[in-house]
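Report on the following structure.
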Amino acid sequence: MAYLWRKLGFYAVALWAALTINFLIPRLIRGNPVDIILSRFQTRQPPPPEFRKALEVMFGVSHDPLWVQYFAYLRQLATGNLGTSVTYYPAPVGTVIGQAMPWTLGLVSIALLITVGLGVGLGMVAGWRRGSWLDGLIPTTTFLAAIPYFWLALLLLFFLGAGLGWFPLNGAYDYAHVRMGFTGDFIGSVLCHGALPALTLVISGIAGWLLGMRNMMVSTMAEDYVVMAQAKGLRPRRVMVAYAARNAVLPNVTGFAIMLGFFVGGQVATEVVFSYPGVGFALLQAVGSADYPLMQGLFLIISVAVLAANFLVDLLYGLIDPRVRKAG
Amino acid sequence: MTAVVTLAAPRDRVLGLPRSGKLVAGLVIVGFFALLAIAGPILAGDPEALVAGRLEPPSAEQWLGSTDTGQSVLAQLMYATRGSMLIGVTAGVLGTVGSLLIGVVGGYFGGWVDEAFSLLSNVALVIPTLPLLILVADYVEDGGPFTYALIISLISWAGPARVIRSQVMSLRNRDYVDAARVSGEPGWRIMVFQILPNLVPVIASGFVWAIIGAILTESGLSALGLGGGAVTSWGGMLYYAQNGSALSMGSWWWFVPPGLFIAALGTGLSLINFSIDELMNPRLRKAAA
Amino acid sequence: MNDTVLSVRDLSVAYGQTRAVRGVSFELGRGQVLGIAGESGCGKSTLAYAINRLLQPPGRTTSGEVAFHPKDGDPIDVLALEGEELRRFRWRRVAMVFQSAMNALNPVLSVRRQLHDVFTTHEPSMSRREREERSRELLELVGIDPGRIGAYPHELSGGMRQRVLIAMAMALNPDVVVLDEPTTALDVVVQRDILEEIDRLREMFGFAVVFITHDLSLLLEISDHLAIMYGGRIVEYGTSKDTLLQPRHPYTVGLLNSFPSLRGERQALHGIPGSPPDLSKELTGCSFAPRCPYAFEGCHTHEPELDSIQDSLVACLQYDRRLHPARPDRRLRERRFDHADHEVIS
């Protein structure tokens with residue numbers, strides 16, 4: 001259980017760091033959002049003080065000392081109040097995020113499962129059959145890994161979407177003809193619209209897993225316990241999965257955090273290109289319309305989601321590696 | 001007989017790395033882009049000049065066609081190459097220096113310094129970087145390329161720092177380091193003369209990854225329209241291509257080359273890194289043979 | 001009557017250019033213990049892996065024959081086994097105890113799963129209950145509390161891990177057990193326990209043993225026959241008794257002089273100066289000649305064959321009447337291995 005507590009402690013610190021960064025960035029870099037907005041609006045005459053006042057109230061800007069603001073900020077968060085969105089005024093930020101979140105969560109989790117499953121599976125076989133045709137394909141993953149998400153999304157959209165017309169060009173489902181609900185039409189439409197965004201994420205994301213798993217397999221296969229499993233006359237599949245791959249996957253799991261970071265970045269780019277109504281798309285819109293409360297709320301929620309995913313993976317790691325359970 | 005001898009003894013090392021097809025291919029690709037970045041803009045002419053009609057496909061005069069305002073895509077690509085590589089290398093250097101400081105100091109001193117630095121890098125690793133960068137880039141607005149490089153490097157030090165730290169921890173307990181410590185050498189001398197030379201492969205590998213990461217990150221930011229608004233990078237070109245209806249007009253010559261360049265340079269850099277990895281992990285090399 | 005269980009004829013193994021094992025032959029009698037000794041890099045572990053068909057690429061057998069003789073039925077050509085046949089042969093006929101117990105057990109599977117694995121593949125008809133029962137019996141047999149069957153390798157001490165490996169090797173009651181440096185990583189007291197354990201089990205089950213070690217003193221006690229390897233070849237072969245009382249090959253003499261005598265006589269301890277030959281290069285003459293105090297001109301040009309001298313086999317030109325017409329050097333017969341007198345001899 002020491003392991004669990006240590007991890008919980010770590011993520012508490014990470015969460016606090018994310019909250020604090022979110023609080024500090026706007027205040028350290030530019031003073032406050034009201035100044036930025038006013039500097040954009042400013043034409044010939046200075047804005048009337050009432051206008052500034054109204055904006056300050058809306059953004060919760062105050063002239064209190066930083067630490068007073070900090071605690072006020074934390075108190076607000078504790079009550080779940082993320083402020084009011086400017087773009088979707090008067091909708092609270094929480095509501096806007098609540099509408100975007102399910103799309104992103106669905107897309108990311110499905111794409112992530114496919115990426116990890118396929119990457120680890122193929123990497124395992126490539127490493128096991130060193131020198132086979134599959135292993136020979138490994139160098140091409142280098143190219144896949146270096147493709148920018150944004151560009152890949154554009155290409156897929158251009159060739160598979162616009163060019164061949166196989167897939168719809170944007171949105172999460174056919175807004176004009178299908179109503180949201182648990183109907184075959186709706187689900188089919190969602191899958192169809194989600195296919196290209198998911199494909200973008202899988203293609204760019206898979207290379208890292210494939211290569212990492214393949215190289216760890218090669219290293220692991222020289223271990224005595226794999227040779228011994230062969231000496232025991234176990235079936236090759238059993239040796240590959242339970243002896244080689246079970247051990248080879250562990251270092252890849254620890255690299256999950258970094259991979260997830262890239263994945264979330266790709267998610268934002270993908271959502272923008274496909275106008276997919278998730279949090280990444282919302283984030284960019286918030287940036288475009290200087291919707292600071294929404295921007296900060298989104299960053300916060302993305303951070304929390306990523307931290308939660310990492311925590312889950314750490315728990316999983318504890319399950320598949322008996323050594324960390326005890327040692328803690 | 002002499003012929004056999006000369007054939008049997010080729011130069012088997014390049015830049016101190018075992019010579020391999022991967023390494024040579026990587027160096028050729030990266031060298032090509034370095035050359036483009038230096039000489040390209042001089043040869044290409046003004047990227048802002050209106051030299052052709054709107055969205056004209058590649059032709060004998062305009063090898064890569066024109067943009068929606070009639071500018072030369074080729075000229076823009078040359079300038080973008082310089083801009084992207086400049087930001088990539090600058091951010092790579094800054095990130096590597098940062099990771100080196102955090103990794104070496106933490107790993108060498110151990111104790112609470114190490115605890116604190118480790119916690120810092122681990123926290124930095126789990127906080128999603130692109131959303132954070134979007135936030136920061138928006139507040140910074142129109143900084144120069146150096147500002148962007150600095151911002152990008154702020155998020156790229158954590159991974160390499162962790163690798164360097166573990167390497168330093170294992171080096172710290174080697175006999176010759178102990179010997180130096182016993183003979184009264186000061187800590188900074190041990191770090192610079194005993195530990196640093198042994199970190200070179202790790203640092204080199206971290207540096208190359210940092211450049212790849214920085215170029216990809218910068219292109220992502222710019223493509224989203226957060227790169228300061230100028231066409232000075234591959235990502236910036238993508239942004240303008242997407243907003244200039246290159247997609248709906250079918251003007252592939254505008255948006256295909258920048259992405260292809262990013263992927264090609266990234267591939268070249270990764271190939272170099274494989275050679276470094278194989279140097280550090282001989283098992284991989286044996287597998288490749 | 002043929003009571004040979006394993007015969008190896010002219011076996012050679014190469015790792016790319018490196019010829020790690022060169023033309024090794026021996027026969028292993030049913031229930032007998034054959035010790036194979038030599039410095040690290042002499043090819044003894046490679047030999048063990050080759051017998052079990054466990055060589056990893058680029059290692060491969062380049063020539064020779066390994067035949068296994070079941071109690072009933074025809075001999076099995078081990079090198080010709082493929083796929084399912086090879087899989088079924090392994091562990092039931094020849095089991096192996098690996099060098100480092102730390103790395104030979106899968107760190108993420110419990111001892112139970114690793115024991116059960118043997119039965120699920122080789123005895124598919126066994127029920128879960130039977131498997132569990134047998135596994136616990138095996139642990140008890142090697143002196144481990146069966147209650148620890150659920151433990152993971154990192155929760156066991158080095159000695160216990162080695163015992164688990166031995167228990168695992170006993171699982172299918174094999175005809176031959178290959179022990180590859182089974183005690184190297186252990187302290188002396190545990191080493192002795194493990195050796196006694198192996199001896200006791202051998203008496204119980206009657207399996208034959210190939211015992212591989214660099215520590216000749218271990219072998220003298222437990223093996224019937226001894227093979228001394230150098231540079232990928234067997235340079236001396238005989239009963240333990242003969243080899244101990246009358247070593248013939250200068251290398252054997254050197255090895256024996258590296259240990260204090262078992263009877264406690266005071267003797268000068270000598271290592272053997274120099275290092276083993278580089279097997280990736282073409283060798284001419286005797287591979288031990290550069291380190292041998294008794295080497296003469298012929299040793300650098302002629303490779304000695306393994307010839308019988310009384311009841312032993314020795315590959316040394318000191319005993320070759322054609323190239324070395326005189327009797328073998330007196331110092332060699334006196335079991336001395338002195339480099340100080342090198343000049344005088346040559």
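Any read-out appearing in this document is the output of simple, stated calculations on the displayed coordinates, not a laboratory observation. Being a predicted model, the structure only gives us computed values, none of them experimental. We place every Cβ from the backbone using ideal geometry, glycine too, and count neighbours over all the protein chains shown.
The table that follows gives values for the structure above.
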item	result
Length added when fully stretched, C:ASP307-C:THR184, from 0.36 nm per residue minus Cα-Cα	41.1 nm
Contact order normalised by residue count of region A:118-215, Cα under 8 Å, 6+ apart, percent	49
Extent along principal axes [Cα atoms of chain A; Å; largest to smallest]	84, 54, 39
Per-residue [θ]222 nm for chain A (sum of -39500 (n - 2.57) over DSSP H runs n ≥ 4, rounded to 500)	-24000 deg cm²/dmol
Under 9 Å, Cβ to Cβ, from C:LEU109 - net charge with Lys/Arg +1 and Asp/Glu -1	+2
Average beta carbon contacts from partner chains per residue of B:244-256, 10 Å cutoff	2
Translational diffusion of chain B, µm² s⁻¹ [Kirkwood Rh, Cα pairs; Stokes-Einstein; 37 °C; 0.692 mPa s]	154
Cα-projected label distance for B:ASN198 with B:ASP277, points at 7 Å along beta-carbon direction, nm	2.4
Spacing of the two label points (7 Å from each Cα toward its C-beta) at C:GLU297 and A:LEU118, in nm	7.4
In nm, spacing of pseudo-spin labels at A:PHE186 and B:ALA179 (7 Å Cα→C-beta vector)	7.5
For residues of B:261-272, the mean tally of beta carbons on other chains within 10 Å	4
FRET efficiency estimate (nearest 0.05) - Cβ-Cβ, A:ARG237 to B:PHE109, R0 35 angstrom	0.15
Relative exposure of A:LEU4, C:LEU54, B:LEU171, judged by other C-beta atoms within 10 Å (fewest first)	A:LEU4, C:LEU54, B:LEU171
Relative contact order (percent, whole number), chain C, Cα cutoff 8 Å, 6+ residue spacing	19
Proximal charge balance of C:SER100 [Cβ under 13 Å; K/R count +1, D/E count -1]	-3
Peptide ranges C:278-290, A:224-236 listed from the most packed, as the mean C-beta count within 10 angstrom indicates	A:224-236, C:278-290
For C:THR239, net neighbour charge (Lys/Arg +1, Asp/Glu -1) across residues whose Cβ lies under 14 Å away	-4
Taking chain A and dividing mean pair separation by its residue count, relative contact order in percent (alpha carbons under 8 Å, at least six apart)	28
FRET efficiency for A:ILE320 and A:ASN170, using Cβ-Cβ distance with R0 set to 45 Å, rounded to 0.05	0.70
Computed [θ] at 222 nm, deg cm²/dmol, chain C (DSSP H ≥ 4; -39,500 (n - 2.57); rounded to nearest 500)	-8500 deg cm²/dmol
Listed peptides C:198-204, B:204-210 by packing density, highest first (mean Cβ within 10 Å)	B:204-210, C:198-204
Extension reserve of the C:THR120-C:GLN246 stretch, reckoned as 0.36 nm per residue once the Cα distance is removed	40.5 nm
Along each principal axis, Cα extent of the protein assembly as shown, largest first, Å	117, 72, 64
Region B:83-114 versus region A:290-319: alpha-carbon centroid distance in Å	25
10 Å Cβ neighbours from other chains, averaged over peptide A:249-256	1
